[in-house]
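A.B. asks: Dropping the structure in here first, questions after.
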Amino acid sequence: MPLRRWTRTARLAYAMRNPLGGFGRVPEGPAQTLRDPWPGDAIVGEKLVRNQTLFQGELRNLQHRQWDHPAWPDAYRRWLQSFVWLRDLRELGAESARIKARSLVATWIAMPAADRPISDPSITGARLAAWLSYYEFFAAAADDGFRKSLMAALMMEARSIMALMPEEVQGWHALTALKGLLAVAVAIPDQPEFLSRYLRLIDNAISEQFLPDGGPVTRCPEDQFQAVRELAEMLSILQLARLPLPTTLMEAANRAAPALRAMRHGDGGLMLFNGSAEQNPLLVEHVLNRASRSRVLAASLPETGFLRLASGRALLLVDAGGPAAPGHDKTAHAGMLSFEFSSGRQRLIVNCGASTQRGWAQALRQAAAHSVLEFADISPMVVDATGAVIKRPKITRTHVTQDGAHWLQMTHDGYQPQGGGLYSRQLYLGKDGQTLRGEETLHGGTRADFCVRFHLHPEVMVEQVENGFLLYTQEESWLFQSDAHASVEESVYLGGPERVATLQIVLFPTLPPEPEPPLVEEEESAAAVENGEDAATEHAVDSLPEAEDTGVLEPQDTANDTPPFIPEEPSVPPQEDASLPPLPEEEPLPPLQEEPAAEQSRLQEEEDEYAPIMRDPPPADSVPSLLAGVAHLHYTPRQNTASMAESLFAEQNRTPAAEAAAARQARKAEAARASSAEPVSAPSSLTPQAALQPPLCPPIRWALSLVSE
């Protein structure tokens, strides 16, 4: 490999020798032209006729013979040099569009070989495929000189791909480069080295792009879309040329297409994780139909780390995996454990998306741009100057389904080294898709300056009501409630073609109240009881002279003291006082025993409202009050009340597999108790170190319930 890098310049110079100067024979035209299966945009074509480019909503002037500029964004440079905009001119279809296409291609092929920007084989491959796909549109009626120059350019630039591959490009871009090489191999069959080199490189490019479950190695849904699109084009070229289909290519398409289907929302667009955008739903469906005739949807993506939880009309898409493997992690986002939620064709809770602009791209990689817990000054992963991840959190997940309902528990330790603790997120999706509930906890942390963000889709309208926030869509209304402090703040959405302002719901933790200091009299009484003395008698003897001096001993002055002075008590022998220690347990008055019971009952009802147990969802035409009419509750200590974590997985323990896991966990806990004096009781997914330390603040609980359709 190093030897190839040392000889790169020499190999590239040899490949770019012009065949018209005697280096081989140049055919007069392609033996086989291609068909670009993707639709174009006539508006973009019209702008090009007027010497303007419209890319990602930004209008630029098209300069003659200028194909690169340091100030251009990388995405725009790739788009301009790849000539994929030929489909936009073809979509316009006017004679002016044909002339403009021929003029721009002639400008490119007229450049000296040494001056052409061909260092990126993926751009070159896209350009070669575009030239051959629209050859009939702009070159078939041209003069012989133009057509021969075009065929010479096809041969030279195809050889440049052979000289630079496979070192210069990775991921789905490698598939783009090989697509261009395959297109030239079909167009010029007299040069067999093109096809043989393609067949030699394609297997390795596919194995490096896809994981065993068919998902992308970069964990980016948009990369998956682009890769499946390249596979579909290569299959189309091979079928058009009636060449045998490589087995690896067919198997990759059959695995990758179901994985791509699993990454879509109900509206047909892609989920927004790790630098992905929605994409046009019609184009995504078109790509899937071209890549595979089967409409199978992947049930799970264990290696990729995405979970798809569907129930009724509701769909929950969760990022339950860590950053991509080294070498493929430069677009990894700190959105571990984040999720997106949609109902029908409407997205409700989303992530912020992605951007090709440098500033926005860096900002959108942070946890704050995702629907997940985040700290303002620390990140769950650390990246270097090149964008690669150098500190990776460890992820755990447990997913259980029963009768259409879903339980999901996840953790990551990205915040643990910085004092944030082990982050645990528990989610429950009801069997009819009308309830989504969750709990956010930091175990063993020393910081409570975090928040939990829920970014809303721009089409969702928010109204604050007495018991939470109503989220309105075109078809439904949902009620969002939480027992934490909540506020609505501004956000931004970059999942579509343009940046759009939107809103987000932000939850802040509530710290438990400071314990009240005990009364001095109670401390003295407890100390006296431990010493075997009569605290009541001693208090009475000490206070008697003071009462005689004042001459007043009013009952209201001693109503709050413990216990009141009774003159007959000092005559009790001290030996009998030794039997009095049980008295403090009998001291509280009857009303004080009834009040905690009533409070406990109220808290139990409130806990039951949040605990996602298996039960029927609330009626669609009613507004459930999960918080008894209070929008935000402060933390109140609970006694003898099961936590949401226990209730969340109550049904999970009924399954045989879960019972076996619980038995194994019980044996481990028994062994731990035998070797340690401190008992350990923690969820199975938590590390023992974090489980031994209770949360600094109570868990944040929230619920999203369907109100009306």
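The values are calculated or read from the model by the stated rules, or taken from the named source; none is laboratory data. What you see is a predicted model; the values in this text were computed from it and never measured. Backbone-built Cβ (ideal geometry, glycine too); neighbour counts: all protein chains shown. Protein only, heavy atoms only, side chains kept; ligands, DNA and RNA dropped before computing areas. Shrake-Rupley method; radii C 1.70, N 1.55, O 1.52, S 1.80 Å.
A.B. asks: Within straight cross-link reach of LYS330, meaning Cα distance under 25 Å, which lysines are found once same-chain residues fewer than 8 apart are removed?
C.D. replies: Leaving aside lysines fewer than 8 places away in the same chain, those within reach of LYS330 are LYS179, LYS391, LYS394.
A.B. asks: Right, another one. Tell me, what HN-Hα J-couplings in whole Hz come from the Karplus equation 6.51 cos²θ - 1.76 cosθ + 1.60 at θ = phi - 60° for each residue of the range 257-262, using x for Gly and Pro?
C.D. replies: 3J(HN,Hα) across the range 257-262, in whole Hz: 5, x, 5, 5, 4, 6.
A.B. asks: Now for a separate question. Could you report the range 145-304's accessible area per residue, 1.4 Å probe, as an integer in Å²?
C.D. replies: Solvent-accessible surface per residue comes out at 34 Å².
A.B. asks: Further question: Please list, in order along the range 212-229, the HN-Hα scalar couplings obtained from phi with the Karplus expression 6.51 cos²θ - 1.76 cosθ + 1.60 (θ = phi - 60°), rounded to whole Hz, x for Gly and Pro.
C.D. replies: x, 7, x, x, x, 5, 7, 6, 10, x, 5, 4, 5, 4, 5, 5, 5, 5
A.B. asks: Here is a further query. Could you run the Karplus curve 6.51 cos²θ - 1.76 cosθ + 1.60 with θ = phi - 60° over the range 90-102 and give me ³J(HN,Hα) per residue in whole Hz, x for Gly and Pro?
C.D. replies: Once rounded to whole Hz, the list reads 5, 5, 5, x, 6, 5, 4, 5, 5, 5, 5, 4, 5.
A.B. asks: Here is a follow-up. For the range 98-135 and the range 31-64, what is the separation of their C-alpha centers, rounded to whole Å?
C.D. replies: 14 Å
A.B. asks: Here is a further query. At 1.4 Å probe size, with the rest of the protein present, what percent of the exposed accessible area of the range 288-366 is carbon and sulfur atoms? Intermediate results must be reported in sequence, preceding the final value.
C.D. replies: Values: 1600 of 3120 Å².
Exposed carbon and sulfur together represent 51 percent of the surface.
A.B. asks: Moving on to the next point. Sort 146-156, 66-76, 184-194 for me by packing, meaning the mean count of neighbouring Cβ atoms within 10 Å per residue, highest on top. Don't skip to the answer; put the middle values down first.
C.D. replies: Working: 146-156: 21.5, 66-76: 11.6, 184-194: 18.9.
Put in order of decreasing packing, that is 146-156, 184-194, 66-76.
A.B. asks: Compute the accessible area per residue over the range 326-419, keeping the other protein chains in place, probe 1.4 Å, unit Å².
C.D. replies: Numbers: 3610 Å² over 94 residues.
Accessible area per residue: 38 Å².
A.B. asks: On a C-alpha basis, how far is the centre of the range 424-444 from the centre of the range 296-330 in Å? Whole number, if you could?
C.D. replies: If we compute the Cα centre of each part, the gap is 17 Å.
A.B. asks: Check which residues have an amide H placed less than 5 Å from PHE55's amide H, if you skip close sequence neighbours.
C.D. replies: ARG60
A.B. asks: So how do 100-106, 281-287, 129-135 stack up, highest first, on mean other-Cβ count within 10 Å?
C.D. replies: Values: 100-106: 19.4, 281-287: 16.7, 129-135: 24.6.
Sorting 100-106, 281-287, 129-135 by mean packing, highest first, produces 129-135, 100-106, 281-287.
A.B. asks: List the residues, sorted by chain then number, that are 5 or more residues from LYS391 or on another chain and whose placed amide H is less than 5 Å from its amide H.
C.D. replies: Answer set, sorted by chain and number: VAL382.
A.B. asks: In square angstrom, what is the accessible area per residue of the range 88-144 with a 1.4 angstrom probe?
C.D. replies: Working: 2150 Å² over 57 residues.
Here the per-residue accessible area is 38 Å².
A.B. asks: Quick query: amide H of ASN274 versus all other amide H atoms, modeled in the peptide plane; which residues come in under 5 Å with a sequence gap of 5 or more or a different chain?
C.D. replies: Answer set, sorted by chain and number: HIS333.
A.B. asks: Something else now. Of the peptides 306-312, 41-47, how do they stack up when ordered by the mean number of other Cβ atoms within 10 Å, highest first?
C.D. replies: Values: 306-312: 19.9, 41-47: 17.6.
Result, highest mean first: 306-312, 41-47.
A.B. asks: Computed FRET efficiency, Cβ-Cβ of ARG293 and GLU251, R0 22 Å: what is it to the nearest 0.05? Don't skip to the end; give the middle numbers.
C.D. replies: Values: r = 14 Å, r/R0 = 0.66.
E(calc), rounded to 0.05, equals 0.95.
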